[in-house]
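Notes follow the structure.
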Amino acid sequence: MAINILIVDDSAVMRAMILKSLRMTGLDIGETYQAGNGQEGLEALNDNWVDMVIVDINMPVMNGEEMIGQMRENPATADIPIVVISTEGSEARLERLREKGAAFIHKPFTPETIRDTMRTMLHLEEND
Amino acid sequence: MKHIVLVGNMKVGKEGDTIVTYALGTSLGLIAYDPVAKVGGLLHAMLPLSKSDPKKAEANPCIFVDTGVPRLLEEVYNLGGEKSRLVVKATGCSRPEGDNEMFKIGEKNYAVLKKILWKNNILLETEDVGGAANRTVQFNVSTGELSVTS
Ligand SMILES: [Mg+2]
């Protein structure tokens, strides 16, 4: 089944690179949505059916960590798989995100890393 | 049939063929194959960029990564390979210890490869690159199996 993906990053170039990488994976990607910060991301989640969220951490208005926190508190979005793609180096912050069930990809990323992370996540979903 | 790929060269084959190349060192060894059509090829490219010697590149594009990779893909498509089924694996590009510019060629070969694959919307299925190894590669076109030894 095609998976709908929301990409949240304040850089349009980065969103385009992530989208291109996703298309290269050969996975069945359905609708894709984009948002420039956490606030817009939450709005996009409200308006659309989304199966997976790919989110940056450092963004204006609302950062990725806060967006993830709010997603997890809302029953409608609490179980959506999350991949964080960021330059973030703080181990404490990464640990907090892992506790919320997010996978992590370091920037700069390779498209192969995105594919491998997606494969792992989708495989885990199948076995649930 | 067994094909041997010399430095700065490539060979393509079909079911029943094995393609071998020896002593990759800092060179890139790239295989591309279609597991359904059972066709594939192996490139042994020595240097990253054709602009360093355009005349040489025109005579033999397989010397350079930027001209050799598109040539490999083209030849595999010509044999009936489909882009949507293509499996691509990289090896070689070793990084021997030393300060000499020569030793950085492997890294450059790898960087140029990744750029060209990105442009062509192709992902690497596997990679066995870097380190000090001087790899020999054997590619079985029937099974798609790749054996890398050093
Ligand atoms: Mg950012």
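The values are calculated or read from the model by the stated rules, or taken from the named source; none is laboratory data. This one's a predicted model, so the numbers in the text were calculated from it and none came from an experiment. Backbone-built Cβ (ideal geometry, glycine too); neighbour counts: all protein chains shown. Please note that ligands, DNA and RNA were not included when accessible areas were found on the heavy atoms of the full protein model with its side chains. Shrake-Rupley method; radii C 1.70, N 1.55, O 1.52, S 1.80 Å.
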Before I look further, what does segment B:2-149 give for accessible area per residue, probe 1.4 Å, in whole square angstrom?
48
What is the antiparallel percent of DSSP beta bridges lying wholly in the protein assembly as shown, to the nearest 5?
50
As straight-line cross-link partners of B:Lys89, the qualifying lysines (C-alpha separation under 16 Å, not fewer than 8 residues apart within one chain) are B:Lys11, B:Lys38, B:Lys114, B:Lys115
For chain B, what is the charge dipole size about the Cα centre, in debye to the nearest 20, if Lys and Arg each add +1 at the Cβ and Asp and Glu each add -1 at the Cβ?
220
Heavy-atom accessible surface buried between A and B, both sides counted, 1.4 angstrom probe, nearest 100 Å², is 900
Please calculate the 1.4 Å probe accessible area of B:Thr143, with all protein chains present, and give it to the nearest 10 Å².
80
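When the gyration tensor of segment B:2-149 is built from Cα positions, what are the square roots of 5 times its three eigenvalues, in whole Å, from largest to smallest? Each step should come with its number before you reach the end.
Working: eigenvalues 106, 55, 37 Å².
After scaling each eigenvalue by five and taking roots: 23, 17, 14 Å.
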If you take the square roots of the eigenvalues of the alpha-carbon gyration tensor of chain A and sort them as a ≥ b ≥ c, do you get rounded (a/c under 1.5), prolate (a/b over b/c) or oblate?
rounded
Net charge within 10 Å of A:Lys107 by Cβ-Cβ distance, Lys/Arg positive one each and Asp/Glu negative one each, not counting A:Lys107 itself?
-3
Rounded to the nearest 10 Å², the accessible area of B:Ser150 using a 1.4 Å probe with every protein chain kept is 110
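Would you work out what percent of the accessible area of chain A, with all protein chains in place, is carbon or sulfur (probe 1.4 Å)?
Carbon and sulfur together cover 50 percent of it.
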What is the helix-to-structure angle for B:105-119, meaning the angle in degrees between its Cα long axis and the longest Cα principal axis of chain B, kept from 0 to 90 and rounded to the nearest 10?
50
Just how far, in whole angstrom, is segment A:38-106 from segment B:49-112 if you go by their alpha carbon centroids?
39
Using eta = 1.306 mPa s and T = 10 °C, Stokes-Einstein with Kirkwood Rh from Cα pairs puts D for segment B:1-75, in µm² s⁻¹, at 128
So how much accessible area does B:Val129 have, in Å² to the nearest 10, using a 1.4 Å probe?
40
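Nearest 500 deg cm²/dmol is fine: what mean residue ellipticity at 222 nm does chain A get from its DSSP H runs of n ≥ 4 alone, each adding -39,500 (n - 2.57), divided by its residue count?
Working: 5 runs with 58 residues, N = 128.
For chain A, the value works out to -14000 deg cm²/dmol.
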Radius 13 Å from Cβ of A:Ile5, net charge of other residues (Lys, Arg +1; Asp, Glu -1):
-1
Quick one: compute the contact order of chain B, relative version, from alpha carbon pairs under 8 angstrom and 6+ residues apart, as a percent.
30
Crossing angle, helix B:65-78 versus chain B [Cα axis fit, 0-90 degrees, rounded to tens]:
0
In Å², what does the accessible area per residue of chain A work out to with a 1.4 Å probe?
50
Write down the Kirkwood hydrodynamic radius of the protein assembly as shown, to one decimal in angstroms, obtained as one divided by the mean of 1/r over all alpha carbon pairs.
20.5
Could you work out [θ]222 nm for chain B from helices alone, using -39500 (n - 2.57) per DSSP H run of at least four and dividing by all its residues? Round to the nearest 500 deg cm²/dmol.
-7000 deg cm²/dmol
For A:Arg98, A:Arg115, A:Arg93, A:Arg23, give the ranking by accessible area with the largest first, probe 1.4 Å.
A:Arg23, A:Arg98, A:Arg93, A:Arg115
